[in-house]
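Inspection log for the structure reproduced underneath, given as C-alpha cells.
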Amino acid sequence: MASSTVPPKPPKPAKRALAMAYCGGGLSMGLMDTLVFVVPLWALMLGASATEVGLLVGARSVLPFVFAIQSGVLMDRFGARRIMALVTVAMIVLAPLYPALPWIPAMMFIQMLTGLATTIAWIGAQTVIAQVCRGDTGYLGRFNFASRIGTFSAPILMGLLWDFTNPWLTFCFVSLWSAALLVLIRASADPQASSAGGAAEGMAKDEAAAGAKEAPRSPGARLADFIPRPADYTRTFALMAIPAIAITIGANFLRNTTSGVQGSIYVVYLDEIGLTGTAIGALFAAIEGASAIGSLLAGGAARRFSAYALMVVTTGLAIVLINITPLLGGIFALLFAAQFARGIIQGVNQPVLFGIQARAAGPHRQGATVALRVTVNRFVSIILPPILGIIADTAGIEMSFYLLGGVLLAMTLGLGLVTRLAPDDGS
C-alpha cells in the first residue's frame, strides 16, 4: 500500500488519563462481578428453584436492555464521569437492600435496578478508554487486563465474605466497592478533555470541531435529556449498517452466552455438587485472572493474525469450554483448568472485538457503540438464564449445557462464513 494512503498515527494518550481509565475499568467491571454469584446463592438459600434463579439472573438485564443505548448517548452528550457518578451513588444505596428485603419478588426488582447501575458504570469505563486510546488494540488489551484485576478479586472477596461472615456484611461490601469507584470518578478528568501534549491537544480540538454537529455538548443536563429519544435509538441501531460493527455485534452475542451460562446453571450445578462459596469464587476468579493474562496477548495476536479469524476461533473455543462442564465429573482441578483456559481465550477475544468496533465507529460515536454492544449483551442475559433454568428443571441440568453448546457452535460456524465476506477493518 502506498505510503500516502496510510493515515498518520495518533499521538500517545496521556499517562494520567490512561491510569484513570485502567483503574476505572477494574472497579467498574469488578462491581458487576460482586453480585454475579452471591445473588444466586442467596436465592438458593431462600429456597429458590433453578427456574427462579434463572429469572433473577435475567432480571438484572431487563433495564440495561432498554436503557443502555440512552446511557451511551448521554455519555457522548454530557461526559461519562457525570453519568457514572450518578449510578455509583445508586449502588451504594441499593446493595444492602438484598438482605433487607429477602423475598424473591423484591429481589427481582432490586436486580433490575442494580443491573442497570452496574451496566452503566461499565459502559462509562469502556467509553472512557475508547475515547482515550482511539481503538488501539494494545491499550485496549491493557485496559482489559486492569479490568480483570477487579473481576479476579471481586469473586474471591465475595466468596470469602459469603462463607465466613453473613449476607448483610457480604452485600454491604458491594456498597464500599461502589464508594471507591465514586471517589475515583470524582478525582478523574473528563476523558474528552485529556491530551498527550500539544499534538494531542490540537487533534482533540480538530475532532471537536469536526464532530460538533454529530456530538453536541450541552452545558448542563435537563430532566428531558434522560428520557429515551427514538431518534437516538435509530441512530445507534443504524451503526449496524457498518459491516464491521454488525459482524462484531454477532460475535459479541455469541461470546456473551458463556457469561449467561456461568451466571445461571453453572452456579446451580456447582452448588448441587457441593462446592462452597469460596470454591465457586475461586472458579470465577480463575477465568478473570486468566482473562487478564490473555488481554496482554491480544495486541501481539492481532498483529500476527486476522482480527476476524481471531474473533471467531476464540468465540467457538470459549463456548466449548463452558458447555463441557458436566463432562469434567465435578473434579475441581478440571473445572479450574477449563475456566483458566476459557479466560485466556476470552482475554484475547475481547480487545480484538472492541478494537474492530472502535475503529469502525469513529471518535464521536464511542458511547453509542459501547451501548449497542451492551444492549445485545443484556438481551442475551435476559432470555438465556430463564430458558436454561426451565431446561434444567425439566430435562436435567447436564442436558441444558449440551443443547445450548450445540446450537451456539452452529451459530459460530455461520458467523465464520459471514466474516469471509467482510472488508478489512484496517487493524
Quiz item: Just to be sure, is residue 53 among the aliphatic types (A, V, I, L, M), outside any helix (DSSP H, G or I) and touching a residue at least 60 places away in the same chain (Cβ under 8 Å)?
Solution: no
Quiz item: When you go through (1) under 12 Å from residue 26 (Cα atoms); (2) open to solvent by 60 Å² or more (accessible area, probe 1.4 Å); (3) at pLDDT 90 or above one by one for residue 157, which number turns out not to apply?
Solution: (1)
Quiz item: Does residue 330 satisfy being of a type in the set (Gly, Ala, Ser), outside any helix (DSSP H, G or I) and either open to solvent by 10 Å² or more (accessible area, probe 1.4 Å) or modelled with pLDDT of 90 or more (or both)?
Solution: yes
Practice problem: State the number of residues belonging to the range 255-273 that are outside any helix (DSSP H, G or I), of a type in the set (A, V, I, L, M) and closer than 13 Å to residue 36 by Cα. | Solution: 0
Exercise. Name the residue, out of 44, 31, that is at pLDDT 90 or above and either closer than 28 Å to residue 153 by Cβ or open to solvent by less than 10 Å² (accessible area, probe 1.4 Å) (or both).
Key: 31
Self-check item: Options 119, 88, 127, 114; residue that is open to solvent by less than 10 Å² (accessible area, probe 1.4 Å) and either within 22 Å of residue 46 (Cβ to Cβ) or without any contact (Cβ under 8 Å) to a residue 60 or more places away in the chain (or both)
Solution: 114
Self-check item: Hits in the range 398-414 - residues which are under 26 Å from the mean Cα position of the chain (by Cα) and either within 16 Å of residue 328 (Cβ to Cβ) or open to solvent by less than 20 Å² (accessible area, probe 1.4 Å) (or both)
Solution: 400, 401, 402, 405, 408, 412
Self-check item: Which listed residue, of 72, 58, 54, is out of contact with any His (no Cβ under 9 Å at 6 or more places or on another chain), farther than 30 Å from residue 274 by Cα and open to solvent by less than 10 Å² (accessible area, probe 1.4 Å)
Solution: 72
Quiz item: Of (1) in contact with a helix residue (DSSP H, G or I) (Cβ under 8 Å, 6 or more places away or on another chain); (2) farther than 25 Å from residue 355 by Cβ; (3) of a type outside the set (A, V, I, L, M), residue 141 satisfies all except one. Which?
Solution: (2)
Quiz item: Do we have any residue at all in the range 368-380 that's over 15 Å from the mean Cα position of the chain (by Cα) and open to solvent by less than 10 Å² (accessible area, probe 1.4 Å)?
Solution: no
Exercise. Kindly establish whether residue 62 is modelled with pLDDT under 80, under 28 Å from residue 368 (Cβ atoms) and among the aliphatic types (A, V, I, L, M).
Key: no
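Condition check ((1) open to solvent by 10 Å² or more (accessible area, probe 1.4 Å); (2) part of a helix (DSSP H, G or I)) across all residues:
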| position | (1), (2) |
| --- | --- |
| 275 | yes, no |
| 279 | yes, yes |
| 291 | no, yes |
| 300 | yes, yes |
| 311 | no, yes |
| 314 | yes, yes |
| 344 | yes, yes |
| 349 | no, yes |
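The values are calculated or read from the model by the stated rules, or taken from the named source; none is laboratory data. Just so it is clear, the structure is predicted and the values come from calculations on it, not from any experiment. Here Cβ is always computed from backbone atoms with ideal geometry, including for glycine, and neighbour counts include all displayed protein chains. In case anyone asks, the SASA skips ligands and DNA or RNA and just uses the protein heavy atoms, side chains included. Shrake-Rupley method; radii C 1.70, N 1.55, O 1.52, S 1.80 Å.
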